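K.L.:
First the structure, which I've put down as structure tokens, then a few questions once you've had a look.
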Amino acid sequence: MELEQTIAEIVEKHLPDDSHFVVEVKVNQLGNKTVLNILIDADQGLNIDSCAKVSRQVSEEIEAKELISDAYTIEVSSPGVDYPLSSRRQYAKNQGRNLKVQQESGEVLEGVLKEVGQMGIVLIVKQKEKGKKATEEEISIAFDQIKKSTVLVSFK
């Protein structure tokens, strides 16, 4: 865990600008090889050049500081569309998109992310009753009540 924190701090230093941010850093052992999985994102989307630059710079600093003595692999990428949202910044980036939100209570809601505040989000959820026209309801959910949120991809 300490190595993950150290690497996350190194990644933070080498992000191209303030619009980029660290989503997650995982250090895994596969046999005798260490694998660094680094997920970064950007407010306006991430490109491959940014990932390559971060990968090179982080690798150079790991080597210079001799943080990992054995062979290792470094993978820098953006979180996939099915990767759960984990920060306020990721929610803000996905405002206006459809989300599936599993709450700590077990209840699952699907709706359009209308608003992202300091303490939580507001979803616009369609409520359907048999024989009636669907109505929309705004539902506020505190971040600490969200177990998992994912973006729902539409191919319409």
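The values are calculated or read from the model by the stated rules, or taken from the named source; none is laboratory data. No experiment lies behind these values; they were computed from the predicted model shown. A quick note on method: Cβ atoms are made from the backbone with ideal geometry, for glycine too, and the neighbour counts reach across all protein chains shown. Areas reflect the complete protein model, heavy atoms only, side chains present, ligands, DNA and RNA absent. Shrake-Rupley method; radii C 1.70, N 1.55, O 1.52, S 1.80 Å.
K.L.:
Considering only protein heavy atoms, with the full assembly of protein chains and a 1.4 angstrom probe, order I141, I74 by accessible area, largest first.
P.N.:
Descending accessible area places them as I74, I141.
K.L.:
Using 0.36 nm times the number of residues separating V81 and K13, minus their current alpha carbon distance, what extension gain do you get?
P.N.:
So the extension gain works out to 22.0 nm.
K.L.:
What is the extension gain from Q29 to M1, computed as 0.36 nm multiplied by their sequence separation minus the C-alpha to C-alpha distance, in nm to one decimal?
P.N.:
Value of the extension gain: 8.8 nm.
K.L.:
Whole-Hz ³J(HN,Hα) for each residue in the stretch 78-83, computed from phi via Karplus 6.51 cos²θ - 1.76 cosθ + 1.60 with θ = phi - 60°, x for glycine and proline: what do you get?
P.N.:
Couplings: 8, x, x, 4, 8, 6 Hz.
K.L.:
Related question: Under the rule of -39500 (n - 2.57) per DSSP H run of 4 or more residues, summed and divided by the residues of the chain, what mean residue ellipticity at 222 nm is obtained, to the nearest 500 deg cm²/dmol?
P.N.:
After summing the helix terms and dividing by residue count, I get -7000 deg cm²/dmol.
K.L.:
Still on this structure: Identify all lysines with a Cα-Cα distance to K132 below 27 Å; exclude those on the same chain that are fewer than 8 residues away in sequence.
P.N.:
In chain and number order, the partners are K100, K114, K156.
K.L.:
For the stretch 1-87, compute the orientation-averaged projected area of the C-alpha convex hull (one quarter of its surface), in nm².
P.N.:
Taking a quarter of the hull surface, the average projection is 5.9 nm².
K.L.:
Mind checking the stretch 77-111 for GluC sites (Glu not before Pro) that DSSP puts in a loop (not H, G, I, E or B) and that have at most 15 other Cβ atoms within 10 Å?
P.N.:
Loop-located and lightly packed - E104, E107.
K.L.:
Roughly how many Å² is the accessible area per residue of the chain, as a whole number, for a 1.4 Å probe?
P.N.:
Per residue, the chain has 64 Å² of solvent-accessible surface.
K.L.:
Ignoring ligands, DNA and RNA, what percent of the 1.4 Å accessible area of the chain is carbon and sulfur?
P.N.:
Ligands and nucleic acids excluded, carbon and sulfur reach 46 percent.
K.L.:
How big is the chain along each principal axis, measuring the range of its Cα positions in Å and listing the largest first?
P.N.:
Here the Cα extents, ordered largest to smallest, are 66, 31, 30 Å.
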